[in-house]
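What follows is a single structure, written as structure tokens, with notes after it.
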Amino acid sequence: MLKKNNKGNEFQRAEEFKKDETGAKHQIQHSKEFANDWKKTPEWAVNHVKTAAAVSEPISLARKIERLQQIKEKNLGGDLSSLGDSAWKILIQLVIATEEGKSISLIDLSRRVSLPETIAIRYVNMLEDRGHIARSRQPGDRINDQLQLTGEGQAIMRKTLCELDTI
């Protein structure tokens with residue numbers, strides 16, 4: 001049990017005793033249930049004490065994100081990783097479509113990655129120029145072109161995703 005010291009601003013552990021039927025004092029052993037009972041926890045502890053796990057989680061996540069960025073840059077190359085998250089999102093959507101045995105239209109891709117169609121077209125053109133995406137052109141309607149990963153694009157994404165899976 002914690003109790004305030006005589007100044008009233010600090011807490012110290014106070015030993016609790018109980019008397020048995022013979023009058024002898026025995027120290028009370030607190031159960032785990034008592035330790036976890038928030039109703040019996042002092043207000044200052046509930047509001048101000050943080051566990052080591054709670055503090056380390058953001059650091060751990062930040063390190064994983066940093067590692068993710070390093071892996072993407074290493075495997076995709078500086079020029080491709082410099083295209084940013086939009087290119088990554090496009091490649092991820094094409095991995096999903098490839099695994100499902102489908103191609104995806106440019107208009108559907110732009111919706112899935114939340115990019116305006118004109119911006120999506122620019123990214124698709126860059127990824128196509130680098131040999132990561134193949135496009136099946138639809139006559140007269142560029143927005144309905146069907147997209148899929150090339151063999152090279154599949155190999156790069158497979159390698160990158162396998163490494164990311166180890167983080």
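Modelled spin labels at Asp85 and Arg63, positioned 7 Å past Cα toward Cβ, are 2.3 nm from each other.
Largest first, the three principal axis extents of the alpha carbons in the range 77-164 are 39, 27, 22 Å in whole numbers. Normalised by the number of residues in the range 77-164, the average gap of Cα pairs under 8 Å and 6 or more apart makes the relative contact order 29 percent.
No lab work stands behind these numbers, since they all come straight from the coordinates. No experiment lies behind these values; they were computed from the predicted model shown. Heads up, the Cβs are rebuilt from the backbone with ideal geometry, glycines too, and the neighbour counts pull from every protein chain shown.
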